[in-house]
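What follows is a short report on a single structure.
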Amino acid sequence: MKQLKDIFGRKSSVWLALSLILVTIALWWALDPLIVVTYVTRMPVGYDLDRIVKLEVASSVAIPEIGEDRVVPTDDWYHDDEEQQMLNLVQELPEVELAYRATNTPLGFGVMGTNSWFYHDADSVLGWKFGFMPNSRMFEVYGLHSLTPGVPTSELTHDCEWDESIILTRSLAIAIFGTIDVAGRRVRSQKLDLSSDKLTWVDTWYRVRAVVEDVRYAPYDRDMSSVFICTSGASGCAPIVLRLREGCNARRFISEREGELQRDLITEHRYIRSAVIARDAFDLSLKQTGLGRQMWHGSLIAAFFAVNLAFGALGTLLMYTRERREEAGIRRAFGATKWSVFLGFLREAWLLTTVSVIIGCIIYFQFAVAHGLNEFSGHNPTIHYWFDSFGTHFLVVSACVYLIILCTVLVATAIPAWRISRSEIVDAIKEE
């Protein structure tokens with residue numbers, strides 16, 4: 001307590017404390033959303049983005065647009081046998097471990113825009129839907145392991161019924177049924193019928209085939225509530241999703257193979273238009289959302305305050321330590337070592353910073369109670385993260401703010417303190 005009185009008895013200490021309090025409040029405001037958003041967008045997705053590649057399949061036959069008067073026979077543009085032939089050729093490439101034909105936008109390549117509420121009794125959860133064809137290898141390509149005994153991963157797409165079989169992720173199964181042992185049970189899906197003039201809710205019942213590990217469909221998906229529904233087949237020009245072998249570089253694969261794929265993987269009506277890495281598509285979807293801009297703006301604001309803190313603290317602390325040059329010389333004259341003088345400066349800087357940050361956090365706490373902390377809401381009630389708890393959220397961000405300010409202050413103190421502690425005793429006293 002006496003040391004605190006001595007510290008805050010100096011005018012320069014009071015000004016430094018006030019500036020640290022203001023910086024604490026500003027950093028709290030800037031770091032809170034940045035930390036939460038960064039945490040969510042950096043969570044594991046459940047599969048290896050760097051080994052998943054999508055090949056866009058295009059048709060050399062023009063598909064008629066909706067509303068045209070002329071009718072083009074389906075056989076003129078839908079060639080399932082040719083697409084299967086292309087899949088077989090892709091699987092023969094030495095870098096490819098597994099491949100399958102997707103039915104729509106594959107997992108990890110953007111939002112498909114298809115979701116529904118799934119019910120069992122009174123519980124409901126919003127789930128994003130992804131289709132798979134019978135006897136495909138979608139789950140093996142993504143490495144989504146089955147959690148249902150008796151249904152191995154290699155057989156997840158076997159024995160499925162069109163628009164009746166469904167595979168749930170772990171979190172979704174627990175949210176609806178309270179357990180992952182749900183094979184054979186039925187779940188109801190509800191969505192709006194947009195085909196009629198009057199909006200009505202339509203119910204569809206599904207039989208749960210199995211449960212797989214959690215996956216995320218997009219960087220901002222905090223719920224991991226995906227569902228996989230069996231479909232009769234692809235609608236034509238279905239993309240091919242492949243997983244590269246361990247050790248293969250996706251960018252090198254595309255740069256070396258894309259031209260060859262476009263040139264050689266051609267049938268009478270189909271060809272490969274482009275190749276996309278899941279990692280690139282995932283990062284692009286983040287940049288195209290408000291979260292990407294929020295992270296960028298938050299990073300700039302936090303960097304601005306950090307730079308100002310560094311220069312402001314350096315100037316103030318330089319003045320603060322130079323004012324005590326005579327004191328350091330007197331302590332050296334009475335037997336104090338260079339290290340004890342140096343560590344004394346750091347100890348006082350640590351006490352000053354700790355007290356200032358605590359006061360700043362207490363002030364911001366009043367605002368947080370009134371207006372709330374940064375939230376990242378979801379629809380799955382069974383999934384909770386540290387930022388969902390007010391107390392944990394406040395402590396974690398406060399600790400980050402404290403560490404940033406403390407490190408800056410200690411560095412800014414150590415530079416002049418080291419020079420002063422190593423100066424000659426006579427010179428230190430003479431200068432004063």
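For Glu348, are the conditions met, namely being buried (at least 18 other Cβ atoms within 10 Å of the Cβ), among the acidic types (Asp, Glu), touching a helix residue (DSSP H, G or I) at 6+ places or on another chain (Cβ under 7 Å) and modelled with pLDDT under 85?
For Glu348, the condition - buried (at least 18 other Cβ atoms within 10 Å of the Cβ), among the acidic types (Asp, Glu), touching a helix residue (DSSP H, G or I) at 6+ places or on another chain (Cβ under 7 Å) and modelled with pLDDT under 85 - is met.
What is the one condition in (1) modelled with pLDDT under 85; (2) in a loop (DSSP other than H, G, I, E, B); (3) over 30 Å from Gln190 (Cα atoms) that Pro94 does not satisfy?
That leaves (1) as the condition not met.
Among the numbered conditions (1) on the phi < 0 side of the Ramachandran plot; (2) at pLDDT below 75; (3) not charged (D, E, K, R), tell me where Ile363 comes up short.
(2)
Among what's in segment 244-282 and is under 22 Å from the mean Cα position of the chain (by Cα) and touching a residue at least 40 places away in the same chain (Cβ under 8 Å), pick the residue that is nearest to Val125 (Cα to Cα).
Once the filter is applied, the top-ranked residue is Phe282.
What number of residues within segment 124-151 are assigned to a loop (DSSP other than H, G, I, E, B), in contact with a strand residue (DSSP E or B) (Cβ under 6 Å, 6 or more places away or on another chain) and not hydroxyl-bearing (Ser, Thr, Tyr)?
Of the residues in that region, 4 qualify.
Name the residues in segment 240-283 that are among the small types (Gly, Ala, Ser), farther than 26 Å from Gly131 by Cα and in a helix (DSSP H, G or I), would you?
Ser255, Gly259
Please pick out the residue among Leu20, Leu34 that is in contact with a Ser or Thr (Cβ under 6 Å, 6 or more places away or on another chain) and either under 30 Å from Tyr364 (Cα atoms) or in a strand (DSSP E or B) (or both).
Going through Leu20, Leu34 in turn, just one is in contact with a Ser or Thr (Cβ under 6 Å, 6 or more places away or on another chain) and either under 30 Å from Tyr364 (Cα atoms) or in a strand (DSSP E or B) (or both): Leu20.
If we keep just the residues of segment 285-297 that are more than 12 Å from the chain's Cα centre (by Cα) and either surrounded by 15 or more Cβ atoms within 10 Å (Cβ to Cβ) or hydroxyl-bearing (Ser, Thr, Tyr) (or both), which is modelled with the lowest pLDDT?
Gln294
At pLDDT below 85 and not assigned by TED's automatic domain parsing to the domain that holds Tyr100: is that true of Ala313 in this structure?
The answer is yes for Ala313.
So which residues in segment 366-391 are loosely packed, with under 15 Cβ neighbours inside 10 Å and either of a type in the set (Lys, Arg) or more than 30 Å from Val227 (Cβ to Cβ) (or both)?
Within segment 366-391, Gln366, Phe367, Val369, Ala370, His371, Gly372, Phe390, Gly391 qualify.
Rundown of residues vs (1) in the same structural domain as Trp128 (by TED's automatic domain parsing); (2) modelled with pLDDT of 85 or more; (3) closer than 29 Å to Glu155 by Cβ; (4) not basic (Lys, Arg), yes/no style:
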{"residue": "Thr231", "(1), (2), (3), (4)": "yes, no, yes, yes"}
{"residue": "Cys237", "(1), (2), (3), (4)": "yes, no, yes, yes"}
{"residue": "Arg245", "(1), (2), (3), (4)": "yes, yes, yes, no"}
{"residue": "Cys248", "(1), (2), (3), (4)": "yes, yes, yes, yes"}
{"residue": "Arg252", "(1), (2), (3), (4)": "yes, yes, no, no"}
{"residue": "Glu256", "(1), (2), (3), (4)": "yes, no, no, yes"}
{"residue": "Ile266", "(1), (2), (3), (4)": "yes, no, no, yes"}
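Which of the residues that make up segment 140-172 are acidic (Asp, Glu) and within 26 Å of the chain's Cα centre (by Cα)?
The answer is Glu140, and nothing else.
The values are calculated or read from the model by the stated rules, or taken from the named source; none is laboratory data. Everything numeric in this text was worked out from a predicted model, so none of it was measured. Using ideal geometry, Cβ is built from the backbone for each residue, glycine included, and neighbour counts are taken over all protein chains shown.
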